[in-house]
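Working notes, beginning with the structure itself.
The values are calculated or read from the model by the stated rules, or taken from the named source; none is laboratory data. Please read all numbers here as calculations on a predicted model, not as lab measurements. All Cβ positions, even for glycine, are placed from backbone atoms using ideal geometry, and neighbour counts span all protein chains on display.
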2 protein chains.
Amino acid sequence: MARKTGSHSEITGPKIKQTALELFARYGFAAVSMRKIASEVGVQAGAIYNYTPDKQGLLFDLLYGHMEDLLTSWHLQNVSQDPIAALDHFVGFHLDFHICRPDLVFISYMELRNLNPNNFIIIEDLRGNYENIICEIITKGISDGIFKVKDPKITSFAIIAMLTGVVDWFRSDGVLTEYDLKQHYSILTRQMLGVNGPA
Amino acid sequence: MARKTGSHSEITGPKIKQTALELFARYGFAAVSMRKIASEVGVQAGAIYNYTPDKQGLLFDLLYGHMEDLLTSWHLQNVSQDPIAALDHFVGFHLDFHICRPDLVFISYMELRNLNPNNFIIIEDLRGNYENIICEIITKGISDGIFKVKDPKITSFAIIAMLTGVVDWFRSDGVLTEYDLKQHYSILTRQMLGVNGPA
DNA sequence: GTCTATAAGAGGATAGAC
DNA sequence: GTCTATCCTCTTATAGAC
């Protein structure tokens, strides 16, 4: 099929997103120029504007896509009614999903402040939906008399912070396998919720 | 005492640090210009260079001061040999120290990547010293047969991430008191470590 | 779809007057 | 210690050729 010289829309678009992601994660949104992104992609700065209205759009797309992915992936899971099984499932899912997307996790936390107000509200809303997932698991576990914690909301925050923090230090090519990591965090969360016994 | 007109070194210095801190936390290091800092302080941009060699120095001073403060404060504490008491003490100390310094906590995590390599190493080293404190408490608790976790290092990361994450949502003027917060996290950490019973 | 050129301004940092 | 003025580079975004 005929195509104009220098036309690469199927490649350039994703490449711009990927490059922006890496650079934002490495240097921060404000520190990365459109020229820098373009140069890494191998095009001129002007060409980027065929794929995004502006720099803000680039950031929003990354964060929105990430949260959509996260929520969609969770809703594809088949989750047990048993609180302990559901908790284990959530821990494993959260670690799996986040460990293989360290850059997205990083900027989703880091660059929230660089979203314009409208975009910020959208992302915060999706984030709230995700927090509700674990909160509801905990709430059910408490009312079933299985989990022994007072406040499901605070406990949700504690678990999410603890799990997401793994991204800061865990390396897939290190001595600790992802399987062992998940086992360890599964035990920690179970114990945190007052459940004893092996995972 | 006589003083030149327009000379305010005792005020301007601290004011620059404080303003830089607030602006870095709010907008990010790269997004804040020396002109913006100066304008907030009420001086011209050139005047800032009487207090810092460059913008990097401003960031490093904030992060270094924070870590020094943290370590010094801990070493002023009188810590029990009893692992459970020491753990509770650490949880309370960490929450107290971090809750009243949200901006410093934020940039100490966020702006690490904007430190030049030498400065980065220095801060990371201090951070490692702090992590060792809780790691040693856990290690002792395990060998005393009181804490039931496998890996003290991973558990340290989990606890620090969980506690520091509080800064993202806790507000001193909210319905939850700092006392109740500390109680709650004290129970969560105890349970996480396999210790049962009330805090 | 990508390029070059350009508009219009903001950036860090310094020099020298006061 | 602070000011003004300045250097020189980099910034986002657009216009129009190809």
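Here is a yes/no grid of residues against (1) closer than 24 Å to A:Ile138 by Cα; (2) under 25 Å from the mean Cα position of the chain (by Cα); (3) near DNA strand D (Cβ under 9 Å from one of its atoms); (4) within 14 Å of another protein chain (Cβ to nearest Cβ):
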residue	(1), (2), (3), (4)
A:Leu21	no, yes, no, no
A:Met34	no, yes, yes, no
A:Phe60	no, yes, no, no
A:Gly65	no, yes, no, no
A:Val79	yes, yes, no, no
A:Ala85	yes, yes, no, no
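So, in segment B:118-151, of the ones that are assigned to a helix (DSSP H, G or I) and within 12 Å of chain A (Cβ to nearest Cβ), which residue ends up surrounded by the fewest Cβ atoms within 10 Å (Cβ to Cβ)? That would be B:Gly128.
This table checks each residue for (1) in contact with a strand residue (DSSP E or B) (Cβ under 7 Å, 6 or more places away or on another chain); (2) closer than 24 Å to A:Tyr27 by Cα; (3) among the aliphatic types (A, V, I, L, M).
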site: B:Thr19; (1), (2), (3): no, yes, no
site: B:Arg26; (1), (2), (3): no, yes, no
site: B:Ala31; (1), (2), (3): no, yes, yes
site: B:Ile37; (1), (2), (3): no, yes, yes
site: B:Asn50; (1), (2), (3): no, no, no
site: B:Leu58; (1), (2), (3): no, yes, yes
site: B:Tyr64; (1), (2), (3): no, yes, no
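Restricted to segment A:28-43, and to residues there that are aliphatic (A, V, I, L, M) and more than 9 Å from DNA strand C (Cβ to nearest atom), the residue that is surrounded by the fewest Cβ atoms within 10 Å (Cβ to Cβ) is A:Ala31. Among the residues making up segment B:146-197, a single one is in contact (Cβ under 8 Å) with a residue 40 or more places away in the chain, farther than 24 Å from B:Tyr109 by Cα and among the small types (Gly, Ala, Ser): B:Gly194. How about segment B:152-173: which of its residues are in contact with a His (Cβ under 6 Å, 6 or more places away or on another chain), closer than 15 Å to A:Phe170 by Cα and either in a loop (DSSP other than H, G, I, E, B) or more than 7 Å from chain A (Cβ to nearest Cβ) (or both)? The answer is none; no residue qualifies. Considering only segment A:105-115, I want to know if a residue exists there that is modelled with pLDDT of 95 or more, away from chain B (no Cβ under 14 Å) and within 10 Å of the chain's Cα centre (by Cα). Taking every residue of segment A:105-115 in turn, none turns out to be modelled with pLDDT of 95 or more, away from chain B (no Cβ under 14 Å) and within 10 Å of the chain's Cα centre (by Cα).
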